[in-house]
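Written out below as structure tokens is the structure these notes cover.
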Amino acid sequence: MVSTYRVAVLGARGVGKSAIVRQFLYNEFSEVCVPTTARRLYLPAVVMNGHVHDLQILDFPPISAFPVNTLQEWADACCRGLRSVHAYILVYDICCFDSFEYVKTIRQQILETRVIGTSETPIIIVGNKRDLQHGRVIPRWNVSHLVRKTWKCGYVECSAKYNWHILLLFSELLKSVGCARCKHVHAALRFQGALRRNRCAIM
């Protein structure tokens, strides 16, 4: 049986969340920053430890606030499906303090307003642009300690530009949503581009 997981990717403008998704799906990176203005849906399949899993990756444009109820969620086309996903990936730029504050705010709003019965919905905080770490605004240890010990969330740093830790991020994602076959320490993750590339749709 193929498992299906819906994942929301959120972050402030310019943090590289769409670049992370495209690097994962297509192994490509563009130096040109094109702002995300509408929700995009990607439907890849991944193979982990020999088992296939379907992902529904929802790449959202920056939102001013997390929808507090289903009515608000569906009233705004950019937020549709945001409250019912299996996991959240919140991306910030390690060189931009405001982008971390945005993630902090959205995370808190998710905890306060998400669907009843999904209190264990995992949240992974992602520090992107590791290749620019000389410009880091918050020490890595401080962020990691806050996220893992206080927030009880997963934490991954990556570089969308150099495809560094991108697979690790999605491997951690599958582990966090309770994929029983994905909990091995050395789980192997492989993207099946030939299987699902044509199922990518921009909505």
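Just a few scattered comments:
- D_trans [Stokes-Einstein, Kirkwood Rh over alpha-carbon pairs] for segment 4-180, 37 °C, 0.692 mPa s, µm² s⁻¹: 201 µm²/s
- Across segment 4-180, the relative contact order, built from alpha-carbon pairs under 8 Å that are at least six residues apart, equals 25 percent.
- Highest mean packing comes first when the peptides 142-152, 92-102 are listed by Cβ atoms within 10 Å, giving 92-102, 142-152.
Every number in this text was worked out from the coordinates using simple rules, so none of it is lab data. Because the structure is predicted, anything quoted here is derived from the model rather than measured. Please note: Cβ atoms are built from the backbone with ideal geometry, for glycine as well, and neighbour counts cover all protein chains shown.
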